[in-house]
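K.L.:
Dropping a structure here in structure tokens format, bear with me for questions.
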Amino acid sequence: MNWQCVWSDCWEPEIVTPGVETVATVILVASTVLVLVLVLAVVSLRALSAVKGVVTSRRTAAARAVIFAVIDGDPPRAPRGPVRRAAVAATAVRLSTKLRGADRAALARWLTDEGFRHRATVMMHATFAISRARGARLFVACLADRETGPLLDLLHDRDVRVRAVAARALGECGISSAVPFLVRAAASHENPLPVSAAAMAIVHTAPRSARGLGMAWGSGDPAVASMAADVAGYLHLTDARERLERLLNSGEPEVVASAARALARLGDPRSAAAISTRLVDGDLPAQVRNGLHVAFADLHHVRFES
Amino acid sequence: MATVIVIEDDPDISLLVAHKLRAAGHRVEVEADGRAGLAAVVQVRPDLVVLDWMMPRMNGIEVCEAMRADPELAGTPVLMLTAKAQEADLERAYSVGVDEYIQKPFSTRELAVRVERLLGA
């Protein structure tokens, strides 16, 4: 058999014009260049971020050394450069919430002496919200004498992030006298403080009595009244029992559910009567009714099967 | 000089604790998660463990339980340093064999006193 003959019968030469070949070459070269550029960009970005990581970690280590020396009672002078000062401020802010007693007081005194408190005050009046929020955090780190006035003002800042930071800062300071201000800010119609931020801050300040939650109990805003109930339950404020039983009669399902949950946490069996009375009401949503049943069962130390 | 292992995932706190304990003349090792911490405890056999509760991979309670289940580590004192502040948390910590309990935010002076007490006991 003549294979060459067979091939020549079947094979048809591909027709390629010089123009198409050129275009294909250009596309190939362009793709290769693009891939190379992308690879270079990725490698450069990784290298840059690695370098930045090393620089940041060295700066943080140096800032920690300064702060540790302050806590040891051997305070150095603060660095002069703005970048290193910022690193020291950031480290101080982080550590100040983790320390208490003499350590915290020493740090606050040093920050004030080295001008960080003044800087914080300036930042709290900055144009950008992020600067105001950072200023609030730094101001709290400088607090040893509980001058909370500027922070209370920030609870009504036009930016919600700043309001939340101010609330958290007050909570971290454990300033119980701030509770009425937190409640008022949460109930405010203009620039309200998020209820969750207010609740967390109040839990941190840990008021010892239900009276500390003040106007939250009678608030017309169901979110604020629910917050009062939740906080009372979480902090186990036993003197809140009667207020919580009154909240069971609220027309707001959210408030009723929170009150029931809080009463269950308090665990006083005297509340069972108020809960069973509320259960007689047939208008309650199924979820709230279920919550009341669970609370009732909890107060009798039995498991509720829905 | 005692050997202390600090198991804590917050570098600000672990480095501060290590700094204070080194200043008091102890040899200190720092681990950033529960599993690595337990491995270090098994290997080093320290005189004291300073332990956080909430940590990645293995929490402080699990580390303490594992230590107490190992006859060679059962007697190693454990100081728990935690933000958990509820009475039930305290009960849970002591029930698994924690010897001392310090709440965050904490005082480094209090920490130093309690460490010395545990090492002297």
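The values are calculated or read from the model by the stated rules, or taken from the named source; none is laboratory data. As the structure is a prediction and not an experimental result, all values here were calculated from the model. All Cβ positions, glycine included, derive from the backbone under ideal geometry; neighbour counts span all protein chains shown.
K.L.:
Go over the candidates A:ALA197, A:ALA169 one by one and state the one that is at pLDDT 90 or above and crowded, with 22+ Cβ neighbours inside 10 Å.
P.N.:
On the way: A:ALA169 fails: at pLDDT 90 or above.
Being at pLDDT 90 or above and crowded, with 22+ Cβ neighbours inside 10 Å holds for just one of A:ALA197, A:ALA169, which is A:ALA197.
K.L.:
Just the residues that are without any contact (Cβ under 8 Å) to a residue 40 or more places away in the chain, within 14 Å of another protein chain (Cβ to nearest Cβ) and not in a helix (DSSP H, G or I), please, taken from the stretch B:82-105.
P.N.:
B:THR82, B:ALA83, B:LYS84, B:ALA85, B:GLN86, B:ILE102, B:GLN103, B:PRO105, listed by residue number.
K.L.:
So, of the residues in the stretch A:201-216 that are buried (at least 19 other Cβ atoms within 10 Å of the Cβ) and either touching a Pro at 6+ places or on another chain (Cβ under 9 Å) or hydrophobic (A, V, I, L, M, F, W, C) (or both), which turns out to be nearest to A:LEU154 (Cα to Cα)?
P.N.:
It comes out as A:ALA201.
K.L.:
Given the structure, is A:ARG132 surrounded by 21 or more Cβ atoms within 10 Å (Cβ to Cβ), in contact (Cβ under 8 Å) with a residue 24 or more places away in the chain, part of a helix (DSSP H, G or I) and within 24 Å of the chain's Cα centre (by Cα)?
P.N.:
Details: surrounded by 21 or more Cβ atoms within 10 Å (Cβ to Cβ): yes; in contact (Cβ under 8 Å) with a residue 24 or more places away in the chain: yes; part of a helix (DSSP H, G or I): yes; within 24 Å of the chain's Cα centre (by Cα): yes.
So A:ARG132 passes the test.
K.L.:
Looking only at the stretch A:188-222, which residues are more than 20 Å from the chain's Cα centre (by Cα) and over 15 Å from A:SER250 (Cβ atoms)?
P.N.:
Listed by number, the residues that qualify are A:SER188, A:HIS189, A:GLU190, A:PRO207, A:ARG208, A:SER209, A:ALA210, A:ARG211, A:GLY212, A:LEU213, A:GLY214, A:MET215.
K.L.:
Let me ask something else. Restricting the search to the stretch A:261-283, which residues are out of contact with any Gly (no Cβ under 6 Å at 6 or more places or on another chain) and small (Gly, Ala, Ser)?
P.N.:
Selection gives A:ALA264, A:GLY267, A:SER271, A:ALA272, A:ALA273, A:ALA274, A:SER276, A:GLY282.
K.L.:
For the stretch A:223-252, give me each residue that is buried (at least 17 other Cβ atoms within 10 Å of the Cβ) and either under 17 Å from A:LEU170 (Cβ atoms) or within 23 Å of the chain's Cα centre (by Cα) (or both).
P.N.:
Listed by number, the residues that qualify are A:ALA223, A:VAL224, A:ALA225, A:SER226, A:MET227, A:ALA228, A:ALA229, A:ASP230, A:VAL231, A:ALA232, A:GLY233, A:LEU235.
K.L.:
Okay, moving on. List pairs: first residue in the stretch B:17-36 and away from chain A (no Cβ under 14 Å) and over 12 Å from B:LEU51 (Cα atoms), second residue acidic (Asp, Glu) and in a strand (DSSP E or B) anywhere in the structure, Cβ distance under 6 angstrom, at least six positions apart or on different chains.
P.N.:
Once the first residue is away from chain A (no Cβ under 14 Å) and over 12 Å from B:LEU51 (Cα atoms) and sits in the stretch B:17-36, no partner that is acidic (Asp, Glu) and in a strand (DSSP E or B) comes close enough.
K.L.:
Here's another thing I want to ask about it. All but one of (1) within 14 Å of chain A (Cβ to nearest Cβ); (2) buried (at least 21 other Cβ atoms within 10 Å of the Cβ) hold for B:VAL4, so report the exception by its number.
P.N.:
Tallying (1) within 14 Å of chain A (Cβ to nearest Cβ); (2) buried (at least 21 other Cβ atoms within 10 Å of the Cβ), B:VAL4 fails exactly one: (1).
K.L.:
Additional query: Here is a check on your reading of the model: is B:ARG114 of a type in the set (Lys, Arg), within 14 Å of another protein chain (Cβ to nearest Cβ) and outside any strand (DSSP E or B)? Before you say what the answer is, go through the steps one by one.
P.N.:
Numbers: of a type in the set (Lys, Arg): yes; within 14 Å of another protein chain (Cβ to nearest Cβ): yes; outside any strand (DSSP E or B): yes.
Yes, satisfied.
K.L.:
Kindly list, by first and then second residue, each pair from a residue in the stretch A:90-117 that is more than 9 Å from chain B (Cβ to nearest Cβ) to a residue that is polar (S, T, N, Q) and outside any loop (DSSP other than H, G, I, E, B), limited to pairs with Cβ atoms under 7 Å and residues at least 6 apart or on different chains.
P.N.:
These pairs meet every condition: A:LEU107/A:SER96.
K.L.:
Let me spell it out: the conditions are (1) within 14 Å of chain A (Cβ to nearest Cβ); (2) modelled with pLDDT under 90, and B:ASP12 meets all of them except one. Which number is the exception?
P.N.:
(2)
K.L.:
Only one of A:ALA69, A:ALA126, A:ALA50 is facing another protein chain (nearest Cβ under 10 Å) and without any contact (Cβ under 8 Å) to a residue 24 or more places away in the chain. Can you tell me which?
P.N.:
Values: A:ALA126 fails: facing another protein chain (nearest Cβ under 10 Å); A:ALA50 fails: facing another protein chain (nearest Cβ under 10 Å).
Among A:ALA69, A:ALA126, A:ALA50, only A:ALA69 is facing another protein chain (nearest Cβ under 10 Å) and without any contact (Cβ under 8 Å) to a residue 24 or more places away in the chain.
K.L.:
Out of all the residues in the stretch B:42-49, is one or more in a loop (DSSP other than H, G, I, E, B) and either within 14 Å of another protein chain (Cβ to nearest Cβ) or free of Cβ contacts under 8 Å to residues at least 12 places away in the same chain (or both)? Working first, answer last.
P.N.:
Filtering the stretch B:42-49 down to residues in a loop (DSSP other than H, G, I, E, B) leaves B:45-47.
Narrowing further to those that are either within 14 Å of another protein chain (Cβ to nearest Cβ) or free of Cβ contacts under 8 Å to residues at least 12 places away in the same chain (or both): none.
So far as the stretch B:42-49 goes, no, none of its residues is in a loop (DSSP other than H, G, I, E, B) and either within 14 Å of another protein chain (Cβ to nearest Cβ) or free of Cβ contacts under 8 Å to residues at least 12 places away in the same chain (or both).
K.L.:
Let me ask another. Out of A:ARG46, A:ARG58, A:ARG94, which single residue is of a type in the set (D, E, K, R), in contact with an Asp or Glu (Cβ under 6 Å, 6 or more places away or on another chain) and farther than 16 Å from B:LYS20 by Cα?
P.N.:
Values: A:ARG46 fails: in contact with an Asp or Glu (Cβ under 6 Å, 6 or more places away or on another chain); A:ARG58 fails: in contact with an Asp or Glu (Cβ under 6 Å, 6 or more places away or on another chain).
Every option except A:ARG94 fails the conditions.
K.L.:
Step by step: first the residues of the stretch A:97-127, then only those that are surrounded by fewer than 17 Cβ atoms within 10 Å (Cβ to Cβ) and in a helix (DSSP H, G or I), then the one that is modelled with the lowest pLDDT. Which residue is that? Can you show your working first?
P.N.:
Step one: list which residues in the stretch A:97-127 are surrounded by fewer than 17 Cβ atoms within 10 Å (Cβ to Cβ), which gives A:101-102, A:105, A:109, A:113, A:115, A:118, A:121-122, A:125-127.
Now restrict to residues that are in a helix (DSSP H, G or I): A:101-102, A:105, A:109, A:113, A:118, A:121-122.
Details: A:GLY101: 83, A:ALA102: 86, A:ALA105: 87, A:ARG109: 91, A:ASP113: 92, A:HIS118: 91, A:THR121: 88, A:VAL122: 91.
Restricting to residues being surrounded by fewer than 17 Cβ atoms within 10 Å (Cβ to Cβ) and in a helix (DSSP H, G or I), the top hit is A:GLY101.
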